[in-house]
Amino acid sequence: MAAFITLSAALMFVDSRFDYLDRVRFSIAYVATPVYWMADVPSRISLWIDDVFVSHRDLIEENEELRQELLFAQRELQLLASLTSENNLLRDLQAASEAVRGQVMTAEIINVSNDAGSRRVLINRGYHDGVKEGHAVLDADGLMGQVIEVSPFSSWVLLVVDPRHGTPVQVNRNGERAIARGSRDMVALELEYVPDTADIRTGDLLVSSGLGQRFPKGYPVAEVTQVRHDPGQAFAFVRARPMAQIDRTRHVMLVSVQAVDDPAVRLDTRPLDAWQSMIPSDDETPPEAVSGQESSAETPEEAAEVVE
Amino acid sequence: MDDRSSGTWVIVLSLLLAYLLAIVPFPEWALHYRPQWVALVLIYWAMALPYRVGIGTAWVAGLLLDVMEGSVLGLNAMSLAIVVYITLSLHQRLRMFSFLQQSALVLALVGLNMLLVYWVRVGIGQSDSRSLLFLLGAVSSAFIWPLMFVSLRHLRRAFEVH
């Protein structure tokens, strides 16, 4: 008995401090894969039933809705195209290059962690699909989290609302930077170390800033729901609601962030880059932010577009 | 020898089923009520066939559960080994107990299991829960125990697992 306890304690120590055991975990995970697959069967069946037993009228209605959504999306895409070209022009003028570029893969959430003290989900893509630790996970509305553990055919994702997850964000309106950490109740985000004088208001959209090289830049993360200035506290209290449908969505996207390796551009722009990060970047309206009404009229370029 | 190894697949299958139930997605409100299926199945087999299912089995089963839950390797292995150790030392008495008494002991055993897991998780910073609501899982385990006991006993007799 004592031997088993010692062995377990040693395992736990090594596994929590070092990563020697990742290979072992990875091998054992092959055994676990069919169990995951089986556990997912009930929800698969219910989805299938939903698909099969859907009324003709519902389908027509849904079709109609989707058509309208597509129309809106296409309109916004048109705006986006002109904005992108304008953006690129400005970038060229400043001799700066787009810092990150991503590859996208779709995945499905197949399980939720049953540990009440953390917010993790399991997705159906793993090592053999090319998932790596640190890949960003998004849904249609915003950033959800990042991959923290890769198994052969599945991976664990730590959600942005987990208190141990920090996301580098930026206020879309003025470029104010902060770190958004999951709140204690694990349903929202809280900004850390925000000075009392920072210009952050309720309703502000927080987008990923791309600093830290983990998350692609410019994806919506959260919307500020509460700002409190307490004279007794050194920092302001800012709470935000995640944009991603954390508890509802099943389909997610995996994005890997790669720095563009172009030494020529790098060399040329190094001094400029350093300088550039000092000024607020108004011209960097992220693609997703265009769809948000509160941000759409902020930049003069866009205002001009709307007028046309 | 042949007689002894008969029906190993029944034990393996019951454990597999327990894993399935342990990770099958639960609605949010029922998260705390999830019984500890793997612990329950191990307790039953350790009680019924102490010479076949012992600490070693529990340890390996726990290791697999660790990988499935994505928790630190060795965590469930340790807590389940301890639970089975206690069960083994009490198995003679446990067989004589009424359902109510058995359930009470199961409540204590599963509660211990969950507390051990919780302590280690908080200790190494993998979890950040401050409420002890998760112990409701031990209560639901105790409630489901008689059902579990009867069905596993039925299975054991039907397939003559000795």
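Read-outs: derived from the displayed coordinates by stated rules, not from any lab. Note that this is a predicted model, so its numbers are computed, not measured. Neighbour counts run over all protein chains shown; Cβ positions are idealised from the backbone, glycine included.
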Completion exercise
Ordered by fewest other Cβ atoms within 10 Å, a rough proxy for footprinting exposure, A:Glu61, B:Glu69 read A:Glu61, B:Glu69
Problem - 222 nm mean residue ellipticity, helices alone, for chain B (DSSP H n ≥ 4; -39,500 (n - 2.57); rounded to 500) - result: -24000 deg cm²/dmol
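Which number comes out as Rg/Rh for segment A:163-266 once both Rg and the Kirkwood Rh are worked out on C-alpha atoms?
1.02
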Exercise for the section: Per residue of A:32-43, count partner chain C-beta atoms within 10 Å of its C-beta, then hand back the mean as an integer. Expected result: 4
Exercise for the section: Any chance you could tell me what percent of the C-alpha pair distances in chain B go past 25 Å? Expected result: 26 percent
Practice task
Could you size up the charge dipole of the protein assembly as shown around its Cα centre, putting +1 on the beta carbon of Lys and Arg and -1 on that of Asp and Glu, and report it in debye to the nearest 20?
Solution key: 3160 debye
Problem - Per-residue Cβ neighbour rank within 10 angstrom, fewest leading, B:Tyr19, B:Tyr51 - result: B:Tyr51, B:Tyr19
Completion exercise
Burial-style ranking of A:244-256, A:113-125, average other-beta-carbon count within 10 Å with highest first, yields A:113-125, A:244-256
Practice task
Give me a single rounded figure for A:218-228: the average over its residues of other chain Cβ atoms within 10 Å of their Cβ.
Solution key: 0
Exercise for the section: Please order B:Arg153, A:Arg239 by the number of other Cβ within 10 Å, starting at the fewest. Expected result: B:Arg153, A:Arg239
Fill in the blank from the handout: For A:Val41 and A:Glu76, extending 7 Å from Cα along the Cα-Cβ vector and measuring point to point gives, in nm, a value of 4.0 nm
Handout entry: P(r) of segment B:57-122 over all Cα-Cα pairs, binned every 5 Å from zero, in whole percent
Key = 4, 18, 24, 23, 15, 10, 5, 1
Fill in the blank from the handout: Cα extents of the protein assembly as shown along the principal axes, largest first, in whole Å, come to 84, 57, 47
Problem - Share of pairwise Cα separations in segment A:1-137, more than 27 Å, in percent - result: 56 percent
Practice task
Evaluate the distance, in nm, between pseudo-label points positioned 7 Å from the Cα of A:Asp196 and of A:Gln103 along their respective Cα→Cβ axes.
Solution key: 5.0 nm
Completion exercise
Expressed in angstrom, Rg and Dmax over the Cα atoms of segment A:44-96 are 20.1, 56
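Give the relative contact order (percent, whole number) for segment B:1-73; include only Cα pairs under 8 Å separated by 6+ residues.
25 percent
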Fill in the blank from the handout: Result row for chain B, helices from DSSP H with C-alpha axial extent 18 Å or more and mean Kyte hydropathy at least -1.0, is B:8-23, B:55-69, B:75-96, B:99-123, B:136-158
